[in-house]
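Worksheet: the structure to be examined is printed underneath.
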Amino acid sequence: MTKTVRLTMAQALTRFLSRQMTEIDGKKVPIFGGVWAIFGHGNVAGIGEALYQVRDELPTFRAHNEQAMAHAAIAYGKANFRRRFMAATSSIGPGALNMVTAAALAHVNRLPVLFLPGDVFANRLPDPV
């Protein structure tokens, strides 16, 4: 009999990302090198706590600007010859918008990256921000 595990969406997502593997030169390595994150309203309680729970398998790196961290995540994918890549998460609003230019760059150059913009208003009434 299997045991039911109750997880939040953020916990399920971070566990899934931390368990993704690829094979490089005959050796299994994690696909994700880590997550770049700027925490604010929209992603602190959910994904911030979930990333902390898997910090040994999926390290979290901090940045001062969303555009810079998104480009750093793209650079990681390019430096690893598209075989490994990183994710980037930001709070809702202008922070998420700052990652759009990096998303365009990654798309045009076919570079792997995963963007996870925060959205505090997805499941409840908006509060004044």
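The values are calculated or read from the model by the stated rules, or taken from the named source; none is laboratory data. Only a predicted model underlies this, so the values are computations on that prediction, with no experimental measurement involved. Note that we place each Cβ from the backbone using ideal geometry, even for glycine, and neighbour counts take in every protein chain shown.
Tabulated values for the structure
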{"read-out": "Which numbered condition GLU57 fails, given (1) within 19 Å of ALA103 (Cα to Cα); (2) of a type in the set (Asp, Glu); (3) touching a Lys or Arg at 6+ places or on another chain (Cβ under 9 Å)", "value": "(1)"}
{"read-out": "Near pairs, Cβ below 7 angstrom, 6+ apart or cross-chain, from the stretch 44-60 (among the hydroxyl-bearing types (Ser, Thr, Tyr)) to any residue that is in a strand (DSSP E or B)", "value": "THR60/GLY34; THR60/VAL35; THR60/ALA37"}
{"read-out": "Looking only at the stretch 1-32, and only at residues there that are touching a residue at least 40 places away in the same chain (Cβ under 8 Å) and small (Gly, Ala, Ser), the one that is surrounded by the fewest Cβ atoms within 10 Å (Cβ to Cβ)", "value": "ALA10"}
{"read-out": "Answer residue from the stretch 49-69, given it is buried (at least 20 other Cβ atoms within 10 Å of the Cβ) and in contact with a Phe, Trp or Tyr (Cβ under 7 Å, 6 or more places away or on another chain) and is nearest to PRO30 (Cα to Cα) among those", "value": "LEU58"}
{"read-out": "Residue in the stretch 44-52 that is modelled with pLDDT of 95 or more and in contact with a Gly (Cβ under 8 Å, 6 or more places away or on another chain) present", "value": "no"}
{"read-out": "Extreme residue, surrounded by the fewest Cβ atoms within 10 Å (Cβ to Cβ), among residues of the stretch 38-48 that are more than 25 Å from ASN109 (Cβ to Cβ) and in contact with a strand residue (DSSP E or B) (Cβ under 9 Å, 6 or more places away or on another chain)", "value": "GLY48"}
{"read-out": "Residues satisfying the stated conditions in the stretch 92-115, i.e. in a helix (DSSP H, G or I) and farther than 12 Å from LYS78 by Cα", "value": "PRO94, GLY95, ALA96, LEU97, VAL100, THR101, ALA102, ALA103, ALA104, HIS107, VAL108"}
{"read-out": "Filter result (closer than 17 Å to MET69 by Cα, assigned to a strand (DSSP E or B) and not small (Gly, Ala, Ser)) within the stretch 18-53", "value": "PHE32, VAL35, TRP36"}
{"read-out": "Failed condition for ALA88, given (1) surrounded by 15 or more Cβ atoms within 10 Å (Cβ to Cβ); (2) assigned to a loop (DSSP other than H, G, I, E, B)", "value": "(2)"}
{"read-out": "Selection within the stretch 72-102 - modelled with pLDDT under 95 and over 14 Å from ILE38 (Cβ atoms)", "value": "VAL100, THR101"}
{"read-out": "Number of positions in the stretch 54-83 that are in contact with a helix residue (DSSP H, G or I) (Cβ under 7 Å, 6 or more places away or on another chain) and either of a type in the set (Asp, Glu) or in a helix (DSSP H, G or I) (or both)", "value": "6"}
